[in-house]
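Working notes for the structure below.
The values are calculated or read from the model by the stated rules, or taken from the named source; none is laboratory data. Everything quoted here is computed from the prediction, not taken from an experiment. Here the Cβ is made from the backbone with ideal geometry for all residues, glycine too, and neighbour counts use every protein chain on show. Calculation scope for accessible area: heavy atoms of the full protein, side chains included, ligands and nucleic acids excluded. Shrake-Rupley method; radii C 1.70, N 1.55, O 1.52, S 1.80 Å.
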Amino acid sequence: MSDTNDNHKQKNNVPAPEDNIVQTHHTLTIAGKPLNYTATTGTIILKEESEKDDKAEGEKAKASIFFIAYTKDNVPDTSNRPVTFAFNGGPGSSSVWLHLGLLGPKRVHMDDTNILPPPYHLVENEYSLLDVTDLIFIDPVSTGFSRAVPGEKPKEFHGFTKDIESVGDFIRLYTTRYQRWNSPKFLAGESYGTTRSAGLSGYLQSRHGMYLNGIILISSILNFQTARFTNGNDLPYILFLPTYTATAWYHQQLDADLQADLHAALAEVEQFALGDYASALLQGSALPVAEQEAIAAKLARYTGLTTDYILKTNLRIEIFRFTKELLREKGLTVGRLDTRFTGIDKDNAGEKFEYDPSYAAIQGVYTAVLNDYMRRDLNFESDIPYEILSGLYEKWSYNTFENEFVDVAETLRQAMSSNPHLKVLVANGYYDLATPYLATRYTFSHLGLATSLQQNYEMTYYEAGHMMYVHLPAMAQLKEDMARFVKTAVSNLE
């Protein structure tokens, strides 16, 4: 049987995958004003042009991409209405965290660091960004309900380059189908989603000619050298130190003078980290014994650990040693994503914690409400599991960066240089040990941006962790900062 371009058939008479879209209509109240919006939920088949041969030519289905779009109703001219494409990271995470934690019209009800018992529920999100921009939440392949189509290998999408291409191609396709090419366009990424965002800033410009107005980077990591505790790389020990201090401050483990004011303590430790501490680590074993002891004493002061323990680490405090050691005497561990959270291990003698208590506190809540919300409110049904956060990060391909650290900061610099109207907002949590704020600041101070472009990015800080929006005061401030950013990044926005 010959090949065919029929949209409903593939080889061997197997039905071709099709789009599956449903729409529902809702109302949200923000700042006392009702906002009517449409939720468009479902899957779009991502295709690529097949090579011409003697048998056939046309488009070949590659993946089914799941998305949820929230668009404001009764907008006569979408050129004045921004659209924001949002996703989380992992790699291997769905977009549920930004969707139901921060940006969407519904949010998870949580009690900050207190773990709530089931059943869980959603509440109206008065901090949603829907009042200033339409929102498109994207689940990359093998996350959420997104899958490679039958006959395609999922692992081909599980890498730095293909991930950016597939997400970027979906953004182009959505923009075309829903007539948003002339709308102001933004990306919002969290964690590895910021890595993806920087990559997309270059890919969308170079491949599709799509220029962005702005990028929101939440808990950013662009240069992996700043966060990889590998032999010979001293940078993370320096850049993680202020977050160790913030953590010790939160758990009341510092001397009284440092406990008086968090920001004053952080200013002091930042100066030490980038000064005497960095200089000491650069000297390696050539550092005199007296100076080793002096540096260890300072580190003990700034971390809440003992001088003896720090000397045994060779002045280098690895992240998981810290999360286990800080509250060891209390029989507690601290979180990685959010160090305000504490956990309990089987014993206190281990080298690292058994689990991240900050992730354990939110995993069950978000999973339950997402699955209920999808069917009950959005009328989308699927019997395949919604992949909240898979283990793809363990086998993710970074072959583009073989024998070097992953670094997309240069891609972002090039995008900002060739598109001088591109603005970037970088949101940081003080209690985030996954993407520490000083590591992010270091990356941006080393972008190499021209002086004329230095004002095109700004950094904001919150007294919470990686997902700073689980702390309501931080969430309220972040909403205010994002709304201002979107409005100022679009000069003609009312």
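Would you say residue 200 is open to solvent by 10 Å² or more (accessible area, probe 1.4 Å) and aliphatic (A, V, I, L, M)? Spelling it out, it is not the case that residue 200 is open to solvent by 10 Å² or more (accessible area, probe 1.4 Å) and aliphatic (A, V, I, L, M). Within the stretch 375-391, does at least one residue satisfy the condition of being free of Cβ contacts under 8 Å to residues at least 12 places away in the same chain, of a type outside the set (D, E, K, R) and under 29 Å from residue 155 (Cα atoms)? Yes: the stretch 375-391 contains one or more residues that are free of Cβ contacts under 8 Å to residues at least 12 places away in the same chain, of a type outside the set (D, E, K, R) and under 29 Å from residue 155 (Cα atoms).
The criterion of being crowded, with 20+ Cβ neighbours inside 10 Å and assigned to a loop (DSSP other than H, G, I, E, B) does not hold for residue 316.
Among residues of the stretch 23-50 that are of a type in the set (Lys, Arg), those with a Cβ under 6 angstrom from a residue that is open to solvent by less than 70 Å² (accessible area, probe 1.4 Å) and part of a strand (DSSP E or B), sequence gap 6+ or separate chain, pair up as 47/61. When the strands (runs of 3 or more DSSP E) confined to the stretch 39-132 are screened for residues that are at pLDDT 90 or above and not acidic (Asp, Glu), those reaching at least 3 such residues are found at 58-72, 83-87, 106-108.
Scanning the stretch 300-313 for residues being among the polar types (S, T, N, Q) and in a loop (DSSP other than H, G, I, E, B) gives a total of 2. Filtering the stretch 135-194 down to residues that are over 15 Å from residue 211 (Cα atoms) and of a type in the set (S, T, N, Q), which residue is nearest to the chain's Cα centre (by Cα)? Among residues in the stretch 135-194 that are over 15 Å from residue 211 (Cα atoms) and of a type in the set (S, T, N, Q), the one nearest to the chain's Cα centre (by Cα) is 191.
Taken over the stretch 322-353, the residue count meeting the criterion of being buried (at least 19 other Cβ atoms within 10 Å of the Cβ) and part of a helix (DSSP H, G or I) is 4. For the stretch 1-28, taking the residues that are modelled with pLDDT of 90 or more and loosely packed, with under 13 Cβ neighbours inside 10 Å, the one that is nearest to residue 166 (Cα to Cα) is identified as 19. Within the stretch 317-333, residues that are small (Gly, Ala, Ser) reach partners that are open to solvent by 20 Å² or more (accessible area, probe 1.4 Å) with beta carbons closer than 6 Å, at six or more positions or on different chains, in the pairs 331/348. Restricted to the stretch 393-452, and to residues there that are closer than 15 Å to residue 89 by Cβ, surrounded by 24 or more Cβ atoms within 10 Å (Cβ to Cβ) and among the β-branched types (Val, Ile, Thr), the residue that is farthest from the chain's Cα centre (by Cα) is 408. A count restricted to the stretch 147-160 and to residues that are out of contact with any Phe, Trp or Tyr (no Cβ under 9 Å at 6 or more places or on another chain) and either part of a helix (DSSP H, G or I) or at negative phi (or both) stands at 8. Step by step: first the residues of the stretch 62-84, then only those that are surrounded by fewer than 12 Cβ atoms within 10 Å (Cβ to Cβ) and in contact with a strand residue (DSSP E or B) (Cβ under 9 Å, 6 or more places away or on another chain), then the one that is nearest to residue 149 (Cα to Cα). Which residue is that? By that ranking, first place goes to 73.
The number of residues in the stretch 451-494 being touching a residue at least 24 places away in the same chain (Cβ under 8 Å), among the charged types (D, E, K, R) and under 19 Å from residue 130 (Cα atoms) comes to 4. Residues in the stretch 411-450 that are under 20 Å from residue 214 (Cα atoms), in a helix (DSSP H, G or I) and touching a residue at least 12 places away in the same chain (Cβ under 8 Å): 12 in all. Here the helices (runs of 4 or more DSSP H) wholly within the stretch 181-299 that include at least 2 residues being more than 30 Å from residue 96 (Cβ to Cβ) and touching a residue at least 60 places away in the same chain (Cβ under 8 Å) are 235-250, 262-272. Taking the conditions (1) surrounded by fewer than 22 Cβ atoms within 10 Å (Cβ to Cβ); (2) closer than 28 Å to residue 402 by Cα in turn, residue 286 satisfies each one other than (2). Scanning the stretch 133-146 for residues that are out of contact with any His (no Cβ under 9 Å at 6 or more places or on another chain) and part of a strand (DSSP E or B) yields 134, 136, 138, 139, 144.
Among the numbered conditions (1) crowded, with 20+ Cβ neighbours inside 10 Å; (2) within 29 Å of residue 423 (Cα to Cα); (3) of a type outside the set (Gly, Ala, Ser), the only one that residue 165 does not meet is (1). Selection of the stretch 433-449 for residues being closer than 24 Å to residue 473 by Cα and out of contact with any Leu (no Cβ under 7 Å at 6 or more places or on another chain) yields 433, 435, 437, 440, 441. Being aromatic (Phe, Trp, Tyr) and over 23 Å from residue 442 (Cβ atoms) is not true of residue 237. Using the structure shown, decide if residue 309 is within 14 Å of residue 236 (Cβ to Cβ) and of a type in the set (Ser, Thr, Tyr). The answer is no for residue 309.
If you go through the stretch 377-392 and keep only what is of a type in the set (D, E, K, R), open to solvent by less than 70 Å² (accessible area, probe 1.4 Å) and in a loop (DSSP other than H, G, I, E, B), you end up with just 377. Restricted to the stretch 354-376, and to residues there that are crowded, with 20+ Cβ neighbours inside 10 Å and among the aromatic types (Phe, Trp, Tyr), the residue that is nearest to residue 118 (Cα to Cα) is 366.
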